[in-house]
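Q: Please find one structure pasted underneath; my questions will follow.
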Amino acid sequence: NQNPCPLSKHLAPNQDLNETSNCHTRPRAESHMMANSGVPDPGGESPDVSSTPVIGTDQGKTAPPNPEGDALPLIRSLHERASTSASISTPRGGGSGNGSSAVKVKVKEKLQNFKRAVVTFGKFVGPGFMVAVAYIDPGNYATDVAAGASYQFRLLFVVLLSNIFAIFLQTLSIKLGTVSGLNLAEACRAFLPRWANYGLYAMAEGAIVATDVAEVIGTAIAINLLVPQIPLVAGCALSILEVMLILVFYRPTGSIRGLRTFEYFVMGLVLAVVVCFCIQLSLIRDTAAVGEVFRGYLPSRELVEQKALYQACGILGATVMPHSLYLGSGIVQARLYDFDVKSGLLPPTLSESPGEGARRSNGGCSDDGLKGYIPSLDAIRHSLKYSVAELALALFSFALFVNSAILIVAGAALYNTPEAVDADLFGIHDLLSKSIAPIAGTVFALALLFSGVSAGIVCTIAGQMVSEGALRWTIRPWLRRLITRSISIVPSIVIAAAVGREGLDAALNGSQVALSIVLPFITAPLIYFTALDKFMMVRPGMARFGGHYGADDEETLEGDNGEEGGQGVKGRLRRWLRIKSCYSERGAVRMANSWWVTCFGVVVWLIITVMNVANLVLLGKDGS
């Protein structure tokens, strides 16, 4: 009898049904009460039935069902559990403990993120200092000393402006090398007509020779000042030996640890130059000129004078170096490749050393460069921000400090000294020794030596990049460096032997004029490449080498009759460009410059061109 009458005298069925009813309603009642009271169910489990009084029974005696009386023990149990869970979850000190602990967690996370960013940034330190070497070469010494002797500290504004222009152009250079995987010489060979590529190569090679001549002359003069027994001709010959010995250890496609060791050595030379000029500044006794120094970084009316304009053009030409743009675009690929390898973003057949992957993709040629390497989007986004930050730090701190220090020392010690305006490096050494202290001349010679050696190293590396990228030389790297260095050494030795000290000074000034002429032609394609989408489109996915595409890329090239193809590097890069032009249809990411960056680049180019033309005009008037 499953449905007994409530008034039935058979108590057993009624008791059994009451027990069954209580067992089913207890979980539902508990969940209903927890929902109404807002207390969560601890552990998501039902309460222990054995610890809850059985509703409807009293010590073995049967009682009729009483819903209101049955719920009272359950309500007490739920309140006890709620109070227990609240006491466990709430720490001492009240509700404010939750807020303070949350703040501590956020602060700890921010500190960890900051530490991680600093460690990652430290891995990118090096290339910016190698670029900064180009801005503290011996060619800057004569122009900065002449400006300080003529106008004291008033041309510091030109030094600051030149440094800002240099940071902007070097940022574009890093962006080109990071996004495309090509240095500036390789980009000119891949994207420009043949006649334009060869013309730019001739100008770049001329600029590198002119720069290297200045480095050789500065090194030879520094050696002669420190050790007078060594003649200038021998000093020029020694410069090729020391640089070649150092460049033996330069392996751009070797292990990243070996590359960073070489970069640290160059950083040591830069820091040595900085220490020398810190000593020079400490020897200046006139401390009342501090305010004048800071006012010199603001524009002044003297800048419109003919002599000041001539010296300003000389500072700009000596500061913004053409070969540094090639260098900046070619030394960033190693870290991009390292990121792709460690992140597993290279195809399995190309996850070897950079040189091995390049040889495989280039048909087995023995080349030590990352030819045709196309970085992944993740590597570009990871590396670009750190590379630009490291470059800006190196140029805005060390390069700006050294160029400003040269002018400040000259302005404090040689101002209104007629002999200092047209003095050569020998004369500057003698004037500093007399006006400040004998040790000042020795420190100046040491700084000149460190600058010449470091600048010679990076100039030779840039010459190798230009020759490889524009002409694709296939000889051994050490032989390329020897040829590049010899092209600059031979004229210097001939001038030193035939004319002597006066000839070296004239050659040093002539090298700066040559750099001023070439600079607008080198910067124009850099601004052009980074402004167009067809050169700066990045396809998401894995990295690859030119000529080693996926199946979907081969579909893009279906129907190619070979007019734009070919088996050489030129043909592969053209095929690579065609693929990049189709990336916009496949979710490619645009990384070209925005319109305002392009406009600013055009303005910078116009200013550099006008100032260099004015420099040549004023130089012609002085010569006549």
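Q: How much length is gained on full extension from residue 249 to residue 378, taking 0.36 nm per residue of separation minus their Cα-Cα distance?
A: Values: separation 129, 0.36 × 129 = 46.44 nm, distance 3.03 nm.
Gain on extension, residue 249 to residue 378, equals 43.4 nm.
Q: Report the label-to-label distance for residue 502 and residue 198 in nanometres (one decimal), using points 7 Å from each Cα along the Cα→Cβ vector.
A: Once both label points are built, they end up 4.1 nm from each other.
Q: Can I ask one more? Let me check something: with ligands and nucleic acids excluded, how do 316, 449 order by accessible area (1.4 Å probe), largest to smallest?
A: Numbers: 316 5, 449 35 Å².
In descending accessible area the options line up as 449, 316.
Q: Enter the Cα centre distance for the pair the range 290-353 and the range 372-393, rounded to the nearest angstrom.
A: Comparing the Cα centres of the range 290-353 and the range 372-393, I get a distance of 15 Å.
Q: At q = 0.13, 0.16 Å⁻¹, what is the base-10 log of I(q)/I(0) for the range 96-149 according to the Debye formula with one equal point scatterer per Cα and no solvent? Please give it to two decimals.
A: Calculated log10 I(q)/I(0) at the listed q: -0.60, -0.69.
Q: Taking a virtual spin label 7 Å from the Cα of residue 307 along the C-beta vector, which residues in the range 136-152 bring their backbone nitrogen under 17 Å of it?
A: Under cut-off, by backbone N: 143-152.
Q: Right, another one. How much FRET efficiency would the formula 1/(1 + (r/R0)^6) give for residue 437 and residue 125, where r is the Cβ-Cβ distance and R0 is 30 Å, rounded to 0.05?
A: Details: r = 34 Å, r/R0 = 1.15.
The pair residue 437/residue 125 has a calculated efficiency of 0.30.
Q: Here's something else I'd like to know. With a 1.4 Å probe and every protein chain left in place, tell me how much accessible area residue 238 has, in Å² to the nearest 10.
A: Accessible surface of residue 238 is approximately 70 Å².
Q: In the full protein assembly as shown, how much of residue 338 is accessible to a 1.4 Å probe, in Å² to the nearest 10?
A: 40 Å²
Q: Additional query: Could you tell me which of the pairs 115/342; 104/342; 115/534; 110/385; 108/175 are separated by over 31 angstrom between their Cα atoms in the structure shown? Intermediate values should be presented prior to the final figure.
A: Numbers: 115/342 21 Å; 104/342 33 Å; 115/534 37 Å; 110/385 19 Å; 108/175 34 Å.
Distance filter (> 31 Å) returns 104/342; 115/534; 108/175.
Q: Find the centroid of the Cα atoms in the range 120-137 and in the range 429-484, then give the distance between the two in whole Å.
A: Distance between centres, Cα-based: 15 Å.
Q: Going by amide H atoms built from the backbone, whose H comes under 5 Å of the H on residue 473, apart from near neighbours?
A: 468
Q: Just by accessible area at a 1.4 angstrom probe, what is the order of 297, 326 from largest to smallest?
A: Most to least solvent-accessible, the answer reads 297, 326.
Q: I would also like to ask the following. Which value in nm describes the separation of the simple spin-label points at residue 100 and residue 607, placed 7 Å from the Cα toward the beta carbon?
A: Those two pseudo-labels are separated by 5.4 nm.
The values are calculated or read from the model by the stated rules, or taken from the named source; none is laboratory data. None of the values given here were measured: they were computed from a predicted structure. Because the Cβ atoms are built from the backbone with ideal geometry, glycine has one as well, and the counts that use them run over all protein chains shown. Only protein heavy atoms, including side chains, enter the accessible area calculation; ligands, DNA and RNA are left aside. Shrake-Rupley method; radii C 1.70, N 1.55, O 1.52, S 1.80 Å.
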